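None of the figures in this text is laboratory data; all of them are computed from the coordinates on show. Just so you know, these numbers come straight off a predicted model, no measurement behind them. Virtual Cβ from ideal backbone geometry, glycine too; neighbours counted across all protein chains shown.
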Amino acid sequence: LTILGLESSCDDTAAAVIRRAPDGTGAILSNVVLRQDDLHAAFGGVVPEIAARAHAEKIDIAVGQALSDAGVALRDCDAIAVTAGPGLIGGVLAGVMCAKGLSAATGLPLIGVNHLAGHALTPRLTDRLVFPYLMLLVSGGHCQFLRVDGADDFTRLGGTIDDAPGEAFDKVARLLGLPQPGGPAVEAEAETGMETPRLPRPLLDRPGCDMSFSGLKTAVLRARDRIVEEHGGLPRAARADLCAAFQAAVRDVLAEKSRRALSLGPVTAFAVAGGVAANGALRAALRDVADAAGVPFVAPPLALCTDNAAMIAWAGAERLILGQRDDLTLAARPRWPLDRRADPMLGSGK
Ligand code: ATP
Ligand code: FE
């Protein structure tokens with residue numbers, strides 16, 4: 001199967017071509033990501049209207065480049081997969097409209113893919129994982145544990161009740177005068193710091209796999225203000241300590257909740273995805289948790305952990321094999337829980 005994938009749910013316009021062999025192995029023939037960072041830089045965050053317009057302008061270019069990089073003609077593809085949500089609705093619409101146009105013009109099947117399913121199924125493309133496996137999705141916008149029982153069968157075991165960790169890293173970087181994106185900056189700074197003062201580990205005293213990260217950011221703010229009051233500024237060493245203390249708290253919460261998620265039932269592996277999974281201290285801690293549980297730890301390469309269209313094309317292939325496809329009535333959805341039990345469009349019990 002050769003699948004063209006489109007992704008435009010946040011601030012990256014992406015298109016890719018993948019091939020899935022009958023034995024289940026996958027190959028990425030092309031993976032084009034057109035970033036919008038410079039368009040949003042002046043605003044300190046992604047501006048939905050600007051993102052939507054840029055997606056509409058760039059999606060055709062991304063598709064053309066993905067096909068030519070892959071050396072594949074559109075008519076040689078078996079289906080067109082597109083992110084149909086969740087995400088910024090203007091961007092999702094740009095991708096869905098483009099995919100519908102291509103499908104209508106060629107007669108190729110159209111497959112709407114849940115963006116989170118794309119992330120969650122990536123380890124099957126990179127590492128041939130077998131169901132069921134545990135997935136931790138940890139990025140700028142998401143933080144949840146999923147048990148993946150099939151390409152269309154996800155159970156949410158828990159997640160953040162407020163901020164995602166990436167968002168917390170970004171806010172902490174801002175509080176401490178470090179550049180964006182905050183994650184890499186805080187991690188680099190933390191390298192020379194001591195984990196002090198000790199910050200809280202929110203929700204660790206409660207059962208279950210839910211997490212909270214917004215209080216941690218407030219704790220950093222208070223600690224910073226105390227230091228500034230005492231020293232008349234934020235000494236370089238104290239800033240490094242705060243970064244290390246914050247990173248340690250995030251690491252400990254994610255590690256302990258991962259341990260719990262792994263104890264809920266047997267799985268073949270523990271996989272992580274999302275930009276925060278790039279964090280070395282976090283990776284090391286999660287690897288230890290997997291080792292202790294006796295399952296392999298899988299982290300796809302970073303380019304496939306962050307937003308891309310190869311994961312959408314791959315998830316499309318998995319749905320096509322299950323005999324699923326959509327038609328031109330496919331809707332773009334700003335919200336779309338992966339876990340069917342939480343999906344209002346399907347109702348409970350389905
Ligand atoms: P989503 O894909 O959920 O919509 P997103 O596009 O913001 O959200 P990603 O691109 O997967 O998510 O990840 C970006 C986030 O990852 C940013 O918040 C960034 O600070 C964080 N991040 C990147 N590298 C690191 C690191 N080394 N340590 C911690 N966080 C990191
Ligand atoms: Fe994403």
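Over segment 1-141, calculate the relative contact order: mean separation of alpha carbon pairs under 8 Å at least 6 apart, over the residue count, as a percent.
Working: 249 pairs, mean separation 37.1, N = 141.
Reported as a whole number, the value is 26 percent.
So for each of 15-22, 261-268, 60-67 I average, over its residues, the number of other beta carbons within 10 Å; can you give me the resulting order with the highest mean first?
On the way: 15-22: 22.0, 261-268: 16.0, 60-67: 19.0.
Listed from highest to lowest mean packing, they are 15-22, 60-67, 261-268.
Modelling each spin label as a point 7 Å along the Cα-to-Cβ direction, I'd like the Leu328/Asp127 distance in nm, to one decimal. Going from the Leu328 label point to the Asp127 one covers 4.2 nm.
Per DSSP helix of 4 or more residues, -39500 (n - 2.57); summed, then divided by the residues of the chain. What does that give at 222 nm, rounded to the nearest 500?
On the way: 11 runs with 154 residues, N = 350.
Helices in the chain give a 222 nm mean residue ellipticity of -14000 deg cm²/dmol.
Label zone (His40, point 7 Å along Cα-to-C-beta; backbone nitrogen cut-off 17 Å) within segment 282-326: 305-309.
What translational diffusion coefficient, to the nearest whole µm²/s, does segment 17-91 have by Stokes-Einstein, given a Kirkwood radius computed over alpha-carbon pairs, a temperature of 37 °C and 0.692 mPa s viscosity? Using the Kirkwood radius from Cα pairs, D works out to 229 µm²/s.
Computed packing ranks the peptides 278-284, 90-96, 139-145 as 90-96, 139-145, 278-284, most packed first, by mean other Cβ atoms within 10 Å.
Here Arg283 and Arg236 are evaluated by their C-beta separation; at R0 = 25 Å the FRET efficiency comes out at 0.45.
Which FRET efficiency value, to the nearest 0.05, do you get for Ile321 and Asp252 by plugging their Cβ-Cβ distance into 1/(1 + (r/R0)^6) with R0 = 45 Å?
Working: r = 40 Å, r/R0 = 0.88.
It comes to 0.70.
Tally Lys and Arg at +1 and Asp and Glu at -1 over the other residues with C-beta under 10 Å from the C-beta of Ala271: what net charge comes out?
Numbers: positive: Arg124; negative: Asp127.
Here the charged neighbours net out to 0.
Applying D = kT/(6 pi eta Rh) to segment 105-149, where Rh is the Kirkwood radius over alpha-carbon pairs, T corresponds to 4 °C and eta to 1.567 mPa s, the Stokes-Einstein value obtained is 107 µm²/s. Scoring 155-162, 312-319, 232-239 by mean Cβ neighbours within 10 Å over their residues and listing the highest first yields 312-319, 155-162, 232-239.
Considering only the Cα atoms of the chain, their convex hull presents on average a projected area of 17.8 nm².
Quick one: order Asp343, Asp326, Asp205 by neighbouring beta-carbon count within 10 Å, fewest to most. Numbers along the way, then the final one.
Working: Asp343 16, Asp326 20, Asp205 6.
Exposure proxy ranking, most exposed first: Asp205, Asp343, Asp326.
On a straight-distance basis, which aspartates and glutamates could pair with Lys100 in a cross-link, Cα separation under 13 angstrom, same-chain partners fewer than 8 positions away excluded? Cα-Cα hits under 13 Å: Asp60, Asp326, Asp327.
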